[in-house]
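First up is the structure itself, then whatever we jot down about it.
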Amino acid sequence: MKHYLLTTIATLLLVGCAATENRDEKTSNRVPADKEATAATVELYNYMYDLATKGVIFGHQDDLAYGIGWVDEGNYRSDVEGVTGDYPALFGWDLGMLELGAANNLDNVPFDDMRRNIIWADAHGAINSFSWHGRNPLTDGDSWDVSSDKVVWSILNDEAVAERYRLWLDRMADFMLSLRRADGELIPVIFRPYHELSGNWFWWCASQCSVEDYVALWRYTIDYLRDKGAHNMLISYSMAGYETIEEFAERYPGDDYVDIVGFDIYHYSTGEAYIAEMTVRADVARQFAEEHGKLWAVCETGYETIPDDDWFTTVLLPGIEGKQCSHLLLWRNAFNRPNHFYASYPGHSSAEDMKNFVQRDDVLMMNDLQR
Ligand code: BMA
């Protein structure tokens, strides 16, 4: 693995010094939110700053786990690679059900396979990012169970729920600590918990808890994982809808608890509406990121079934171009849910356009990230 050795050495020498605000510098010396972050995590963080000046990192959820008409057989198949000849530079995964000690996640991805794919992706220079569609610790329902608006409060105030939650976090920490390179070093990852908080469809959303409780849950969770030794995490805070920087800031858990800010955005109506919404959200996220010394990203996006053959170059691209967006993540290509896919696949009418999109110099794929 060609690590960015020079960056590493420079970074290690400079850690502790004041972080520069100059993103144009070749070698940045940023310190992640976790002051005890591992050297590889500091490296990754700085590498991502360097990359943000070059282009947007292209990501896909569950890319190696399954695709249209196939399920992982250990052979690193990928719909994105099938179309473009290169893999995403960022692989999204979901930890939902890990908290229960289940063998497979909520979308049937075996955690052992996920780990193998993560190790492979890291060894090939790519970045791994986790969302967490965790269960509801109060009702035993799923993430979408909003029958009670006392869930977050209960984790913080009801000892029985808190105890269960700590057990969940123990399992999360065990998994984070099991992600290791061949030499035993922890693999640095992005962790993006409690996402789309400005919505009303998850038990942690704004409709379900106070500002104080949301922030407290976030900090409790991150502190707990760090205390267990998971110093290999860059933390990502992703909103759903918003219009102003005040809305964006309202539930922000603080600079010591976040490395990347951004939002999830899907194309539901017209291309014009998506671009307009993207522009508003991106401008706010970028401004907030600059003010707080963070990266900004499109944490989830896509147009389900991609009914527009030129969507990648005529809708997605104009929305993010030239804004120093760190990364974007297309949502998953479900193998068992017809019409639930967001990346193109071989034979799909948008394949040529996705290929043209990823071949741009300012769109970064796995081959562009030889760490
Ligand atoms: C949603 C859908 C669900 C899935 C969940 C977690 O957006 O894709 O089918 O279970 O994400 O991955």
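The values are calculated or read from the model by the stated rules, or taken from the named source; none is laboratory data. Since the model is a prediction, treat every value here as computed from it, not as a measurement. Here the Cβ positions follow ideal geometry from the backbone for every residue, glycine too, while neighbour counts run over all protein chains shown.
Descriptive notes on the structure:
- Boolean, VAL31 is touching a residue at least 24 places away in the same chain (Cβ under 8 Å), of a type in the set (A, V, I, L, M) and either over 28 Å from ALA343 (Cβ atoms) or not in a strand (DSSP E or B) (or both): no
- Pairs, first within 12 Å of the ligand (Cβ to nearest atom) in the range 325-340, second in a strand (DSSP E or B) and of a type in the set (A, V, I, L, M), C-beta under 6 Å, six or more apart: PHE335/VAL71
- Condition broken by GLU243, with the remaining ones in (1) outside any loop (DSSP other than H, G, I, E, B); (2) surrounded by fewer than 22 Cβ atoms within 10 Å (Cβ to Cβ) satisfied: (1)
- Test: residue in the range 338-352 that is at pLDDT below 95 and either over 27 Å from VAL280 (Cβ atoms) or surrounded by 16 or more Cβ atoms within 10 Å (Cβ to Cβ) (or both): yes
- Residues located in the range 26-54, provided they are surrounded by 15 or more Cβ atoms within 10 Å (Cβ to Cβ) and modelled with pLDDT under 90: THR27, SER28, ASN29
- Flag if TYR303 is under 20 Å from ALA89 (Cβ atoms), among the hydroxyl-bearing types (Ser, Thr, Tyr) and within 16 Å of the ligand (Cβ to nearest atom): no
- Applying the condition of being touching a helix residue (DSSP H, G or I) at 6+ places or on another chain (Cβ under 7 Å) and more than 16 Å from the ligand (Cβ to nearest atom) to the range 51-68 and asking which residue is farthest from HIS292 (Cα to Cα) yields PHE58.
- Screening ASP256 on (1) in contact with a helix residue (DSSP H, G or I) (Cβ under 9 Å, 6 or more places away or on another chain); (2) surrounded by 15 or more Cβ atoms within 10 Å (Cβ to Cβ); (3) touching a residue at least 40 places away in the same chain (Cβ under 8 Å) shows it passes everything except condition (2).
- Residues located in the range 107-164, provided they are among the aromatic types (Phe, Trp, Tyr) and farther than 30 Å from GLY184 by Cα: TRP144, TRP153
- Residue ID - nearest to the ligand (Cβ to nearest atom), chosen from residues in the range 114-140 that are surrounded by fewer than 19 Cβ atoms within 10 Å (Cβ to Cβ) and of a type in the set (Val, Ile, Thr): THR139
- Residue selected from the range 69-110 under the condition farther than 21 Å from HIS195 by Cα and among the aromatic types (Phe, Trp, Tyr), by the criterion nearest to the ligand (Cβ to nearest atom): TRP70
- The range 195-212: number of residues that are out of contact with any helix residue (DSSP H, G or I) (no Cβ under 7 Å at 6 or more places or on another chain), in a loop (DSSP other than H, G, I, E, B) and within 14 Å of ASP145 (Cα to Cα): 4
- Those residues of the range 316-353 which are closer than 21 Å to GLU277 by Cβ and of a type in the set (A, V, I, L, M, F, W, C), in sequence order: LEU316, LEU317, ILE320, CYS325, LEU328, LEU329, LEU330, TRP331, ALA343
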